[in-house]
1. B:L37 versus (1) in contact with a Leu (Cβ under 9 Å, 6 or more places away or on another chain); (2) at positive phi: which is the lone unmet condition?
2. Inspect segment A:89-99 for any residue being buried (at least 24 other Cβ atoms within 10 Å of the Cβ) and within 11 Å of another protein chain (Cβ to nearest Cβ) and give the result as yes or no.
3. Please pick out the residue among A:A154, A:A137, A:A118 that is under 23 Å from A:G187 (Cβ atoms) and either more than 7 Å from chain B (Cβ to nearest Cβ) or surrounded by 19 or more Cβ atoms within 10 Å (Cβ to Cβ) (or both).
4. From A:L67, A:L82, which residue is more than 14 Å from chain B (Cβ to nearest Cβ) and either in contact (Cβ under 8 Å) with a residue 60 or more places away in the chain or among the hydrophobic types (A, V, I, L, M, F, W, C) (or both)?
5. Does segment B:40-48 contain at least one residue that is of a type in the set (K, R), without any contact (Cβ under 8 Å) to a residue 24 or more places away in the chain and either crowded, with 24+ Cβ neighbours inside 10 Å or away from chain A (no Cβ under 13 Å) (or both)?
6. Inside segment B:157-175, can you point out the residues that are in contact with a Lys or Arg (Cβ under 8 Å, 6 or more places away or on another chain) and either away from every other protein chain (no Cβ under 13 Å) or at pLDDT below 90 (or both)?
7. Considering only residues that are of a type in the set (A, V, I, L, M, F, W, C) and more than 7 Å from every other protein chain (Cβ to nearest Cβ), look in segment B:121-134 and name the one that is surrounded by the most Cβ atoms within 10 Å (Cβ to Cβ).
8. Could you tell me whether any residue of segment A:208-225 is within 30 Å of A:L67 (Cβ to Cβ), buried (at least 20 other Cβ atoms within 10 Å of the Cβ), aromatic (F, W, Y) and in contact (Cβ under 8 Å) with a residue 12 or more places away in the chain?
Protein chains: 2
Amino acid sequence: MLPISVIYEPIQKDMAEVEESLRGTGGDDFLWMAEPLRYVVESGGKRIRPAVTLLVGKFYRCDHERLITLAAAVELFHTGTLVQDDAIDKSAMRRGKPTVNSLWGEGAAVLLGDYLFAKASELACSTGSLRVMSSFAETLKHLSSGELRQFVSAYDWRMEQQEYYKQIESKTASLFSVASRSAAILGEAPGEEEEAFRTYGHNLGMAFQIVDDILDFVGEEEELGKPVGNDLLQGTITLPAILLVEQRQGKPAIREMVQKKGDKVAVERVIDMIRSSDIIQECYRIADEFCAQARLALEGLPQNAYRKSLFDLTRFVIERRK
Amino acid sequence: MLPISVIYEPIQKDMAEVEESLRGTGGDDFLWMAEPLRYVVESGGKRIRPAVTLLVGKFYRCDHERLITLAAAVELFHTGTLVQDDAIDKSAMRRGKPTVNSLWGEGAAVLLGDYLFAKASELACSTGSLRVMSSFAETLKHLSSGELRQFVSAYDWRMEQQEYYKQIESKTASLFSVASRSAAILGEAPGEEEEAFRTYGHNLGMAFQIVDDILDFVGEEEELGKPVGNDLLQGTITLPAILLVEQRQGKPAIREMVQKKGDKVAVERVIDMIRSSDIIQECYRIADEFCAQARLALEGLPQNAYRKSLFDLTRFVIERRK
């Protein structure tokens, strides 16, 4: 597997500038915010979304400052969703560190999330493009409705693949899609290239989320930075569980888990059944299909180092262990 | 007291159009949302903020559709904050009806709030003005940091008037200010008029919040649609309590209330002390000062029916009983 640093090589300097811009987020309005903001913004993550923004922007003669700003906006947006998700799910850990809600309270986490959305919108505005701005607003609509879909269908073991794809499209792929497409907009890309980058982002995001959902079953707690089977414990039904329900022998185990909400033994039984079947392989096959679509979208675009990195990212999201 | 319908008379038709636009908010992305969205959007309220937007817009030759859209955006924004505030405070009632969080859960309320912010931003974008858009983003920053200030200073009985004004400026006046100013921006008002309307909105909003905080002490539960003394029970220290602490004899009662978090008897004792003093009068005097500033801001502007209504609103926010 190519390490992410190699994939980011053509945008190494820009990534450092994005990082610096992110560090400057801290609460000009209210000093108290500075600490939790710094905490979330600096708590790691692979920065895949802003990397996509930068790589796409490099195909065009984007104003450098604006491109950096846009990439930072994308990451802040993402950070806002993480902070609020953890508050809603009452999650204690993220990336091996205590969550904002566990350190500063759920209410504070919701409001810090709002602040991050606002800050991201402000940065998006400062790119001077109304289309970029409205694509951000649209994405926030998708993100919140996607999360709501997931929230509403908690413990719904009858959920079908189609509904799952709708959920991950809204809650994850929409942000990858805007990360990619907004840079094309900023670069005044021709319509078909903008569309190609949108397609790329969408499919990369779909694959990314499927792999995330796989890792929740097969990952190592140490690497994940959160407990294995966390989704199931929260009642979140993802692709592996859906595929298990589709197999006749899986249904009773899932049903029992749903009846005994939060029961760890019932959850572990489901995890074991999934691990000892070919479900994980099948999930990877599906994620790979999305990645193939992402690569296909790149085909008509100029061959350069940035395209190579976008290409390599489609492998990375599949092969990653966390 | 002039009834609000008389004040709204010059914009009666427009208000009906805004109402219609608000009713059209419901969850195109996810049908499940339609019900809670309709519920919050139609659950009354005086619609003061969009009325201000319309009245200001009428001074200029704004595009009619865009002005209606802007007013709807302002109200949706406000609605989003109410829904999230109630979720954060775990409030059960608002305007005499169960809150979204009590009907659909706190997580859903947070996400519906996000959706309302996103929808408001989308509408703001569709006015085609980047300045309108960025004033919205800036306002969301203020709102969330203001709420956070309040959240962090819960039960802080040492809070001073200055901090209180900062809080209500961020959490309330900033939205009144953008409601007023954004219509001036849309109308391409000269700089000094835009500033006059900003000042008007800011001061009207300050007075509005102070009166809100007064009513929490002196209002009737039936009229308020929520329990009297609700703020204190939540630990929210507002102007009347701050003034009580400033009086030597008030300090022990407040201290006791803070020590016995959530104790109703201790809260009632504080309420009684405030009611039987001249504190409420003093709070009204302060609110009136802000209203006088709001009226002053209108002085240089053309005299017309809209200005008359904006003027009358400054009386209304003081005299209202709920």
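1. (2)
2. Among the residues of segment A:89-99, not one is buried (at least 24 other Cβ atoms within 10 Å of the Cβ) and within 11 Å of another protein chain (Cβ to nearest Cβ), which makes the answer no.
3. Every option except A:A137 fails the conditions.
4. The conditions single out A:L67.
5. no
6. The answer is B:W157, and nothing else.
7. Selected residue: B:A124.
8. yes
The values are calculated or read from the model by the stated rules, or taken from the named source; none is laboratory data. It should be emphasised that the depicted structure is a prediction, and the values quoted were computed from it without experimental measurement. Here the Cβ is made from the backbone with ideal geometry for all residues, glycine too, and neighbour counts use every protein chain on show.
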